[in-house]
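The numbers here are math on the coordinates, done by the rules we state, and not lab data. All figures in this text were calculated on a predicted structure; none of them were measured in a lab. Note: ideal-geometry Cβ built from the backbone for every residue, glycine included; neighbour counts use all protein chains shown.
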Amino acid sequence: SCIATGDVKGQVKFYDGQLRLLSVYSHDKVGPIQSISFSTVLRDAPSALPGSRQPFLTSWSDSSNSVSLTLNRNFILSTSDATMFHVATDSTNFGRIMTEPKKAVNAIACHPQEPLVAVGSHCGLLKVWEYKQTQYLVSRIFTEAGIQCLSYDPEGHLLAAGFTDGSVYILDAISLQSICPEFQCSQGPVTHISFSHDSKYLATADETYSVTVYKRVLQNGSRCWEHLAGLVSHYKPIRGILFGVHPDSSEPRLLSLGEDRQLVEYDLKSSIKDHLVVTHRDRLEQVAVPLCLTWYPQLSTESFFLTANNCYKMKLYNTTTKMCRKTLLGPTYGSPLEKIQILPRTSSADPQQHYLVYITKDKVGLQMLPVDGNPHKSSAFICHPDGAADFAISHDGRYVFTAGGKERTFMKWKVNLHALDAAAFLGGEDLIPFYNLLDGGREGKFFRELEDYFYYVQLCSQGIKTLETRQVSTHIPLEEIPSVMRAIGFYPSEEEIEEMINEVKFSKYADTGEELTKINLDDFIKLYINHRPALGLSMKTIQRAFQVLGYDNKKGDKVIDRGDFLSLLQCRGEQMTEDELAECLITLLGKRPRKEGSELDTHPPTGAAALTEEDIPAEITAEIFVADILGLPVAE
């Protein structure tokens, strides 16, 4: 036996048991060696000679006082620049087996009809694999720039590639040859690329916050592509572009979503050369940052698109009005969802059941639809510890492929829907999964308090001092939702309150045409769990706000001036009137005068300004704001 090593110089060295050098294999094209694997089959057929079945033969030479080595096995080595070589030990011939990406793998796409997956990397290498047999089919190297994103057209004839230098190539899906000259219309790396459903349009988004559209045209009797128009439609990074179909026609519909919380819709039919027309611009979020979107399956008479944000929430929006129809707790596996896509139906799956595939920072997962906030209806697995860059789904919905970014790898995952169905079943039905999300569960103190508040609101709505027979009910009016939410420790903004009330009010409207005016306890629990902050309110969140709004005082602390604090509450965001602000501060500071046996005075207070100056310091830190003004505990 002997010891084989591979070093950073690309040399394979063999040593005997006493670490004496026996032989060296090297080649000038071999980079730093990462691994070595020897063949399990002997190079020469076994003979009757002693030791012919041994992979390594050593002999001692008395004349030269040295040991010689004869290798009876070939070996394969891989290098740090993603190249594999086969070494024939009888001739020291290094044969290149394959070359894989040397840089980050950020782009991946699946063919819409065939078992093919295309993978692109920042080193410019584009490869197509047949994934059922795991066979490499064809490749092309682009030397000018790296590949950032890929997309097949719905017919499977074309493959579009976006590059780090802003260029766009439209390739034949089989040969990978360009069908037209490349386009250089983006000023920054292309981050997203997508075809319309009829393959007439191609849209891209880039790092300069621009959306660019290309159009298929007829020229001299043959199809070709031309640049239509581009527009800087966002002021923060674009998180997704999405083609769809207009509900009242078969015309393509294009949307883009940015970290600026804006959803922009474009009118492709009215757009002309160098003029991209915007039809709608809607703000989807108030505080959270939307990260991805997709069309939602037609599970009801109403049509939706689905978004996921950085606060672990998923939201359903009406495709026509852009009104938020439902807010739901999404998967919470360490980081928010980065990309989502509906899983194509498989022949063996329940035709009434739909699923969503997603990736987080380092995980790939499945989510059962419809989304309702049940944590047992989702699952996730770590796919790339250093970060998942992208994913693609096979046309039959059986496989998911993830790209590992800087890991320079991509992985194939087999979809097992039965495992997720079983987990959801074992998690319990109806409200059982939601009870477990409450502090203490169904039998805990929190739930009993919630019941008390719920029924206290019923008493208030019928009058506290009435002597009439009370009507026992399991519902409360919708306008009382914010009061109960605040009583149990969730303080939604006015916009969030409006979304909650509208969510319940119009929940049956598409089916029955009726608006609801009340909510029962079970639905209230679901509403609370889906809308409350997924991870609670942290001190870090408040400190970040002070970092933005405050300044450094003489002690080096981030503070907000008392006057600025009051001005911000009255002039920015959801503005408060002076009376509302005084009312809140006096209540928070516990200065409300009470009469013996009477309820709290509800009239606007007098002398609020003087009280504010007396009880609020001139410089407010995050800790003072939380502990002294809000009266919340601060972790040591």
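Can you give the FRET efficiency to the nearest 0.05 for Leu521 and Thr208, using r as the Cβ-Cβ distance and R₀ = 51 Å?
The computed FRET efficiency comes out at 0.50.
Once the convex hull of the C-alpha atoms of the chain is built, how many Å³ does it hold per residue, rounded to a whole number?
Convex hull of Cα atoms, per residue: 263 Å³.
Nearest 10 degrees, 0 to 90: what angle lies between the long axis of helix 578-588 and the longest principal axis of the chain (Cα atoms)?
For 578-588 against the chain, the angle is about 80 degrees.
Multiply the residue gap between Ser567 and Ser26 by 0.36 nm, knock off their C-alpha separation, and tell me the result in nm, one decimal place.
187.4 nm
Mind ordering 320-328, 365-373 by average Cβ neighbours within 10 Å, highest first?
365-373, 320-328
Enter the Cα centre distance for the pair the stretch 354-409 and the stretch 142-199, rounded to the nearest angstrom.
Here the two parts' Cα centres lie 24 Å apart.
Please list, ordered by chain and number, the residues whose modelled amide H lies under 5 Å from the amide H of Thr208; skip anything fewer than 5 residues away on the same chain.
Residues meeting the criterion, in which the H sits 1.01 Å from N, are Gly188.
Count charges around Tyr509 for me, please; just the other residues with Cβ under 13 Å from its Cβ, Lys/Arg as +1, Asp/Glu as -1.
-1
Working from Cα positions, state the angle (0 to 90°, nearest 10) between the long axis of helix 494-505 and the longest principal axis of the chain.
90 degrees
Please determine, in degrees from 0 to 90 and to the nearest 10, the orientation of helix 417-426 with respect to the longest principal axis defined by the Cα atoms of the chain, where the helix direction is its Cα long axis.
The two axes meet at around 40 degrees.
Assuming R0 = 60 Å, can you tell me the calculated FRET efficiency for the pair Tyr15 and Lys215, based on Cβ-Cβ distance, to the nearest 0.05?
For R0 = 60 Å, the calculated efficiency reads 0.40.
Based solely on its DSSP helices, what 222 nm [θ] is calculated for the chain when runs of n ≥ 4 H residues each add -39,500 (n - 2.57) and the sum is averaged over all residues, nearest 500 deg cm²/dmol?
Dividing the helical sum by the residues of the chain leaves -5000 deg cm²/dmol.
Report the local net charge at Ser303: Lys and Arg +1, Asp and Glu -1, summed over other residues whose C-beta lies under 15 Å from its C-beta.
Local charge sum for Ser303: +1.
Would you grab the residues whose amide H sits under 5 Å from the one on Ala229? Only those 5+ places off in sequence or on another chain, please, with H modelled 1.01 Å from N.
Close amide H contacts, sequence-distant or interchain: Val213, Asp274.
Based on the Cβ-Cβ distance of Tyr136 and Ala534, what FRET efficiency does E = 1/(1 + (r/R0)^6) give at R0 = 41 Å, to the nearest 0.05?
The pair Tyr136/Ala534 has a calculated efficiency of 0.45.
Run the quick spin-label model on Glu429 and Glu468: label points 7 Å from Cα toward the beta carbon, then report their separation in nm to one decimal.
Taking the simple label geometry, Glu429 and Glu468 are separated by 4.0 nm.
Cross-link list Lys200/Lys339; Lys215/Lys315; Lys102/Lys412; Lys127/Lys236; Lys200/Lys313; Lys326/Lys518: which exceed 27 angstrom alpha carbon to alpha carbon?
Flagged as over cut-off: Lys215/Lys315; Lys127/Lys236; Lys200/Lys313.
Taking only C-alpha pairs under 8 Å that are 6+ residues apart, what is the relative contact order of the chain in percent?
Taking the mean separation of contacting Cα pairs over the length of the chain, I get 6 percent.
Simple spin-label model, 7 Å along Cα-to-Cβ: Lys412 to Glu574 in nm?
Here the answer is 5.1 nm between the modelled labels.
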